[in-house]
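The values are calculated or read from the model by the stated rules, or taken from the named source; none is laboratory data. For clarity, every value in this text was computed on a predicted model and none was experimentally measured. Backbone-built Cβ (ideal geometry, glycine too); neighbour counts: all protein chains shown.
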Amino acid sequence: MQRSFATVVAVYDHDRANRVVNLPGDACMTRLREALAKGCEPAELLRVVFVNRNTESLLLALRDGGLVTGVTDESWRLAIDQKNLNDRDVILLAASRTAGAPARADLVQRVPSFGYLIARVVRALGLGDEGAAGR
């Protein structure tokens, strides 16, 4: 993170975040957040949100629900099976740009932890109830 003085929300798979910063799997959340913030300037603007179920669940729901169009079978395979970060970013960006309220509601039905993730991001950004209205 560079000095932009804007809040940055970093979303990590909870089950994999420890490996990013070389902490044991049983490290507490506070220690994990602190380790992830090291080197970030200014660190107080970093908000870390953990996905409780893995990203693959979200990607599978997007694919199986037909909620994202224009993604090749190969990109889906790379994103889900190979955990390719570039393909994941492309798919998630496409989902954020194209999914309307009905699609988001369908996604929360398919992956309930996604609703939790949205609430955490809204809270991390300090949007409160105003931000939740756009869900």
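Could you go through region 91-107 and let me know if any residue there is in contact with a helix residue (DSSP H, G or I) (Cβ under 6 Å, 6 or more places away or on another chain) and modelled with pLDDT of 90 or more. Within region 91-107, one or more residues are in contact with a helix residue (DSSP H, G or I) (Cβ under 6 Å, 6 or more places away or on another chain) and modelled with pLDDT of 90 or more.
Test each condition in (1) in contact (Cβ under 8 Å) with a residue 12 or more places away in the chain; (2) out of contact with any Ser or Thr (no Cβ under 9 Å at 6 or more places or on another chain) for residue 13 and report the one that comes out false. Here residue 13 meets the rest and fails (2).
Mind counting the residues in region 1-37 that are modelled with pLDDT of 85 or more, of a type in the set (Val, Ile, Thr) and touching a Phe, Trp or Tyr at 6+ places or on another chain (Cβ under 9 Å)? Residues flagged as modelled with pLDDT of 85 or more, of a type in the set (Val, Ile, Thr) and touching a Phe, Trp or Tyr at 6+ places or on another chain (Cβ under 9 Å) within region 1-37 amount to 1. Looking at 58, 46, 85, 62, which one is under 16 Å from residue 16 (Cβ atoms), among the aliphatic types (A, V, I, L, M) and either touching a residue at least 60 places away in the same chain (Cβ under 8 Å) or crowded, with 17+ Cβ neighbours inside 10 Å (or both)? Result: 58 is the single residue among 58, 46, 85, 62 that is under 16 Å from residue 16 (Cβ atoms), among the aliphatic types (A, V, I, L, M) and either touching a residue at least 60 places away in the same chain (Cβ under 8 Å) or crowded, with 17+ Cβ neighbours inside 10 Å (or both).
Within region 88-118, if we keep just the residues that are of a type in the set (Ser, Thr, Tyr) and surrounded by 12 or more Cβ atoms within 10 Å (Cβ to Cβ), the residue that is farthest from residue 11 (Cα to Cα) turns out to be 98. Taking residue 66 as meeting all but one of (1) at negative phi; (2) at pLDDT 80 or above, write down the number of the exception. Among (1) at negative phi; (2) at pLDDT 80 or above, residue 66 violates only (1).
May I ask you to list the residues in region 16-43 that are crowded, with 18+ Cβ neighbours inside 10 Å and out of contact with any strand residue (DSSP E or B) (no Cβ under 7 Å at 6 or more places or on another chain)? Listed by number, the residues that qualify are 18, 32. Each residue in region 27-67 was checked for being among the β-branched types (Val, Ile, Thr), over 16 Å from the mean Cα position of the chain (by Cα) and under 20 Å from residue 86 (Cα atoms), and 0 pass.
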